[in-house]
Structures are given as structure tokens and as C-alpha cells.
Amino acid sequence: MKDSTLAERALLGALLQEFDRVSPIVQAAGITSASFTDEVCISAWCAMELLRSRKPGIVDPLTVAEKMNGDDGENLLALSEMVESCPTSEHAAYYAEQVRTAERRRNLHLAVTMAAEQLSKGGAVDAVAADLLAAGEASGSSHGGPLVDTFPPIRYAHLHALEVKPEETHIVGRGFLRRGAWSLLTGGTGIGKSVLAEQMAAGVACGKSVFGLTVARPFRVLMLTAEQDEETLKRDLEAIAEHDGLDADLLDQNLQLHHAYALDGPELVTALDGEFRRGKFDLLVVDNYQAFSADDINGSREWKLFITPISKLLKEYGAAMLLVDHTGKPAERKGWGRHDSVYMAAGTSRKANGARTSMELYSPAEGDERYRLHFGKNWERAGVVDANGTPIRDVYLDRAPDAHSPFWTPSDDQSEPEKMVAGEREVVDYATAHPFDGVRKVADATGCSKSKVQRILAKHPLLSHGRDEKA
């Protein structure tokens with residue numbers, strides 16, 4: 001076993017012996033989940049962090065073992081060995097420094113490797129030199145704390161010389177989904193967010209543009225869903241693949257689905273870390289936040305415990321994430337601007353603040369039959385344009401005509417919806433409730449003229465089909 005791994009286990013042993021006294025020492029040293037390399041240590045650390053955040057915050061081997069990934073008995077045995085590997089908690093500061101030193105060395109080695117790779121690809125020498133300088137400063141500072149050590153300083157010289165390469169970092173659009181960042185997809189319960197997320201995941205896996213969002217090439221996609229079982233996924237993906245003309249081999253090769261109906265907390269982080277390490281995925285799709293979060297889905301603390309370790313994984317493995325979230329209960333939104341739609345996600349506003357981009361799926365407006373996919377935060381990164389090449393932030397979508405074969409498709413009519421005229425609400429309601437009545441019967445029932453009913457129904461193709469031939 002490597003010395004660094006021994007130090008990791010001994011440090012966790014010190015925490016298990018006297019957590020309340022050792023925890024401030026560990027935090028001051030800048031220890032995070034990224035400081036550990038052993039998977040058992042990572043799982044134990046995440047479990048301790050979760051327990052520390054909760055009241056009463058009891059952290060002992062038994063409670064930690066229950067929160068770790070895997071068998072409770074095996075976890076408890078591993079934790080007992082950690083405690084035995086630490087003769088006294090008085091050595092906690094020494095073990096913490098050993099772990100941080102090993103982490104700095106790994107980071108410096110990674111920086112050198114990346115620098116060599118950038119130079120081999122023709123990267124700017126000034127930018128590479130600036131990166132190495134920042135990495136060297138971080139690795140050489142033994143008292144820099146978590147800010148300098150974990151988040152190396154960015155110099156203006158680096159920014160000035162930085163060559164942005166969209167083909168390497170952008171996965172969807174103009175960075176709407178990009179490596180190291182995440183996007184938020186919100187909508188009401190039952191509106192069809194899951195099918196939309198599945199359709200985007202399948203399109204990215206096959207390198208095919210979807211809903212006007214460009215996808216440069218096929219990417220590796222990992223999708224976790226808590227609510228869609230195999231039967232539902234079969235129904236959805238077969239319908240999507242047929243409608244969008246997707247390559248079955250590419251879809252099978254690049255899209256990995258999991259019906260993860262009981263996964264959250266440290267177990268979720270550990271599972272994602274393992275899959276990113278093994279599968280080298282470019283995009284993570286999580287459907288939905290409520291299913292994979294802690295008990296209080298509206299709490300800021302619970303949100304932070306969910307998103308912080310996942311954000312670190314996105315940075316570490318260079319992946320993007322699409323996070324699906326329900327909207328909250330209807331509330332007064334008078335005075336909201338178009339940029340405020342990102343705050344529609346249920347719960348804490350930290351979701352909106354942390355998301356780099358967002359999109360919201362809306363039900364049809366009054367007098368319209370089309371759904372609206374609205375690009376909210378940093379909408380320009382979507383890169384969606386109309387027929388004239390003008391950037392737009394709304395795409396109108398139609399549901400599949402058969403609910404048993406669900407998919408979304410851009411509507412032929414992408415114009416802004418018209419406001420209802422007098423009598424239109426009555427005609428629409430009656431025609432919806434009486435699909436087999438002819439135009440004359442609709443006119444008689446609503447008190448409108450036959451010609452007016454025809455004009456109104458012409459705005460609603462699904463309601464007008466076949467009525468002209470009926471008496």
C-alpha cells in the first residue's frame with residue numbers, strides 16, 4: 001500500500017477517534033474529497049461530510065458505515081482498521097499534511113502532463129507557461145490553504161494568451177452544455193421533461209442536433225433516471241430513435257442508462273466517480289434532482305451537499321451535466337423578466353445561481369397547442385437561430401400524436417402565439433369536449449357564426465381536422 005494511502009486511512013482514523021476536535025484541523029489543512037485516492041477513503045469522507053452537515057451531527061464508525069457505499073459490515077471492518085492505523089488523534093495535523101502534500105504532487109504531475117499535451121497540439125507557449133506557473137505556486141505553497149491549493153490563481157497573462165477551443169470544450173450549442181459546467185432543465189410534473197432529456201441524451205450520443213441545438217459529433221453519455229424503468233425506457237428510446245433517425249449502433253455504444261431508483265448522498269458520488277473513471281463520459285444527465293437529493297429538497301444545505309461533489313467530478317473528468325428539476329408550486333411571478341425563468345426550479349435559488357445555462361419547458365399558452373422550450377440563463381450559448389439566421393430563445397414543440405410512442409418535434413409554426421379573440425375560448429373548450437361534432441353544431445352551441453368557428457378552428461389544426469365534412 002502506498003504511503004499516501006496509509007496517510008489517508010490514518011487521517012480518517014483520527015477523525016473517527018475524535019471528530020469534533022480533529023475536524024477543524026482537517027478543514028484548515030484544505031482537505032476535500034479530491035485529496036483522497038483510495039475509493040474506500042473517498043466513500044468514508046463523503047459519509048462523514050454528510051453526517052457533519054446534519055443535526056445532531058453524530059459521526060462514529062457505525063453511522064459512517066451505514067452511509068458509505070457497499071455492505072455495512074465490510075464498511076465497519078474497514079473503518080475499524082483505519083482507527084487502528086492511527087495510534088493517536090494527536091497526529092492528525094501530520095497526517096493531514098501528508099495527504100495534502102501527496103495531492104499537490106499529483107496536481108503538479110497532472111499540470112506537467114497537460115502542458116506537454118497542449119504543446120504537442122500546438123498550444124500557445126505563454127498560456128502553457130502561465131498554467132505551469134500557477135500549478136507550481138499552488139504545489140509549492142504548504143500554507144496556502146484550500147483557496148490557493150485547491151483553486152490555483154488565474155493570472156491575466158494566462159487569460160490573455162488562452163486559446164478557447166470550442167471543438168474540445170463545447171458539447172451542445174455554443175457552450176450551452178460544456179465541459180466542467182452544468183445546465184438546468186425545469187418544467188412541471190408530467191409535462192414531458194424526462195422524454196425531452198432522453199431525446200437530448202440520445203441526440204448527443206449520436207452526434208445529431210436536437211431542437212435546434214447543434215451537436216458537433218457523437219459523445220459518451222451517462223444518464224441516471226430514478227423514475228423511468230426498463231419498460232418505459234424501451235418505449236421512449238425506440239420511439240425517439242425511430243423519429244429522429246438515430247444510428248442504433250452509435251446509440252448502443254455511447255448511451256449508458258441506469259434506472260437508479262435508490263441512490264443518493266455519498267453512494268451517488270462514489271458511483272459517479274467510478275463510472276467517470278471507467279467510462280470516460282462527456283455528458284451526465286440526471287433525472288431528476290428531487291429523486292437523487294437528501295430529505296429536504298428545498299434546503300440550501302442539502303443542495304450544496306448534492307452539487308458540490310458533483311461539480312468537482314465535472315471539473316476533474318471534464319464532463320458536462322444536464323440536471324432535470326421540477327418547478328415549484330405556482331407563485332406570483334408578476335414583473336419577472338425573460339432572464340428570471342431560471343428561478344423556476346423548486347427550492348433554493350442556489351440552483352439558479354450555480355447553473356451556467358438553463359432551459360424551461362412550458363405548457364401551451366391559452367389559445368395555442370404548442371409547448372414552448374425557453375432558453376433562459378445565458379440563452380445566447382444555445383446558438384439556436386430561426387429561418388433567417390436570427391438568434392432566438394424560444395422553440396415551439398409538438399408532442400408525438402401517439403402517447404404510447406413519445407417524442408418531441410419542433411412545430412412547423414415557430415411564430416409567437418396569437419392572443420385569443422372573443423368567443424375563441426368557448427369554441428376551443430366545446431370542440432375539445434366534443435371531437436366528433438361538426439362546425440355547425442359547434443357554432444350553435446357557442447353562439448358564434450359558422451364562419452367564425454371555421455376561422456378559430458383553423459388556428460387549432462388538431463381540433464379542426466375532419467369537422468368540415470360533418471353536418
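Across the range 26-37, computed HN-Hα scalar couplings (Karplus, 6.51 cos²θ - 1.76 cosθ + 1.60, θ = phi - 60°) run 5, 5, 5, 6, x, 6, 9, 4, 6, 7, 9, 10 Hz from first to last residue, x flagging Gly and Pro.
Counting 0.36 nm for each residue step from SER53 to GLN256 and taking away their Cα separation leaves a gain of 69.8 nm. Every Cα-Cα pair in the range 424-464 was counted, and those over 11 Å apart are 54% of them. Between PHE436 and GLU230, the modelled labels are 4.1 nm apart [label points 7 Å from Cα along Cα→Cβ]. Each of VAL421 and GLU74 was given a label point 7 Å from its Cα along the Cα-to-Cβ line. The distance between the two points is 7.1 nm. Ranked by the mean number of other Cβ atoms within 10 Å per residue, highest first, peptides 378-390, 207-219, 10-22 order as 10-22, 207-219, 378-390. What FRET efficiency do you get for SER411 and ALA445 if R0 is 30 Å and r is their Cβ-Cβ distance, rounded to the nearest 0.05? Given R0 = 30 Å and the Cβ-Cβ separation, E is 0.55. Sorting 106-117, 73-84, 88-99 by their mean Cβ neighbour count within 10 Å, with the most densely packed peptide first, gives 88-99, 73-84, 106-117. Taken over the Cα atoms of the range 169-410, the convex hull encloses 125 Å³ per residue. Computed 3J(HN,Hα) for the range 79-88, one whole-Hz value per residue from the Karplus formula 6.51 cos²θ - 1.76 cosθ + 1.60 where θ = phi - 60°, is 5, 4, 5, 5, 4, 5, 6, 10, x, 7, glycine and proline marked x.
Note that the range 152-163 has calculated 3J(HN,Hα) couplings of x, x, 10, 8, 4, 4, 5, 5, 5, 8, 5, 9 Hz, one per residue in order, obtained from phi through the Karplus relation 6.51 cos²θ - 1.76 cosθ + 1.60 (θ = phi - 60°); glycine and proline are x. Spin-label model, THR88 to GLU238: label points 7 Å out along the Cα-to-beta-carbon direction sit 6.9 nm apart.
Multiplying the residue separation of ARG174 and ALA458 by 0.36 nm and removing their Cα-Cα distance gives an extension gain of 98.5 nm.
Placing R0 at 30 angstrom, the Cβ-Cβ distance between ASP249 and HIS404 gives a FRET efficiency of 0.70 after rounding to 0.05.
Every number in this text was worked out from the coordinates using simple rules, so none of it is lab data. Source: prediction; values computed, not measured. Heads up, the Cβs are rebuilt from the backbone with ideal geometry, glycines too, and the neighbour counts pull from every protein chain shown.
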